[in-house]
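Have a look at the structure below, then the notes.
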Amino acid sequence: MAVTLDQVRQWLDSDEPNYKRLAKLGIQLLPHLNTLIRGTIVSRAAKAASVAGLIDSDRAVELLSTAAKHPSPIVRLAAAGALRNMKRPAAAAVLMSLLADQDGGVRKLAIKSASVRPNQALIAKIKELGSKDPVASVRLVAGKLASQRGLA
């Protein structure tokens, strides 16, 4: 069954979208999610990024890369959270960019997502943020996760 952009909009505009159910539609959903991530409605773009993170595809990682560059920190937060689910190697590069985001909240969530990946570059960046981030709460989260995961 073909899914239309209008259907995806309606599903995402509900108060509690069923992200897992939407993600089961698979890669056919990605062009619509791409349109919504690039759109002007921040809440819809953030929800689209969240769904993309549940689709196991390199194309989904590309969409999250686009979301990671969105002008709204809300969409970048959604991308950072969604990347926690991605097992694709390309996701590490997107996480690395989010670890350098201008928004401290985005960096904190990116640290949490990056800390579960066995990637030495991400681990080194988390350690660095634990001592050098300009925001105390980001340093605290990075230091705590580095210590808990034996990264320190």
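Taken together, Val51, Val75 contain a single residue that is in a helix (DSSP H, G or I), touching a Phe, Trp or Tyr at 6+ places or on another chain (Cβ under 7 Å) and hydrophobic (A, V, I, L, M, F, W, C), which is Val51.
Being within 11 Å of the chain's Cα centre (by Cα) and not small (Gly, Ala, Ser) holds for only one residue in Leu77, Leu36, Leu30, and it is Leu77. When the stretch 116-134 is examined, which residues are found to be at pLDDT below 95, touching a helix residue (DSSP H, G or I) at 6+ places or on another chain (Cβ under 7 Å) and in a loop (DSSP other than H, G, I, E, B)? Listed by number, the residues that qualify are Val116, Arg117, Asn119. Every condition in (1) more than 21 Å from Ser137 (Cα to Cα); (2) hydrophobic (A, V, I, L, M, F, W, C); (3) at pLDDT below 95 is met by Ala45 except one, and the failing one is (3). Going by the conditions given, is Ala136 free of Cβ contacts under 8 Å to residues at least 12 places away in the same chain, of a type outside the set (Asp, Glu), open to solvent by 20 Å² or more (accessible area, probe 1.4 Å) and within 23 Å of Met86 (Cβ to Cβ)? When the stated conditions are applied, Ala136 does not pass them. Here the stretch 61-72 is the region considered, the condition is being in a helix (DSSP H, G or I) and hydrophobic (A, V, I, L, M, F, W, C), and the residue that is nearest to the chain's Cα centre (by Cα) is Leu64.
Scanning the stretch 48-67 turns up no residue that is hydrophobic (A, V, I, L, M, F, W, C) and more than 26 Å from Lys112 (Cβ to Cβ). When Gly130 is tested against (1) closer than 27 Å to Ile37 by Cβ; (2) open to solvent by less than 80 Å² (accessible area, probe 1.4 Å); (3) not hydroxyl-bearing (Ser, Thr, Tyr), only condition (1) is not met.
Each row is one residue, and each column tells you yes or no for (1) hydroxyl-bearing (Ser, Thr, Tyr); (2) buried (at least 23 other Cβ atoms within 10 Å of the Cβ).
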position	(1), (2)
Arg38	no, no
Ser43	yes, no
Val51	no, yes
Ile55	no, yes
Glu62	no, no
Thr66	yes, no
Lys69	no, no
Ile74	no, no
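Taking the stretch 78-115 as the range and being surrounded by fewer than 24 Cβ atoms within 10 Å (Cβ to Cβ) and in a loop (DSSP other than H, G, I, E, B) as the test, the residues that pass are Lys87, Arg88, Pro89, Ala90, Ala100, Asp101, Gln102, Asp103, Ser115.
Restricting to the stretch 1-33, name every residue that is outside any helix (DSSP H, G or I) and surrounded by 12 or more Cβ atoms within 10 Å (Cβ to Cβ). Correct list: Val3, Pro17, Leu25.
The values are calculated or read from the model by the stated rules, or taken from the named source; none is laboratory data. This one's a predicted model, so the numbers in the text were calculated from it and none came from an experiment. Note that we place each Cβ from the backbone using ideal geometry, even for glycine, and neighbour counts take in every protein chain shown. In case anyone asks, the SASA skips ligands and DNA or RNA and just uses the protein heavy atoms, side chains included. Shrake-Rupley method; radii C 1.70, N 1.55, O 1.52, S 1.80 Å.
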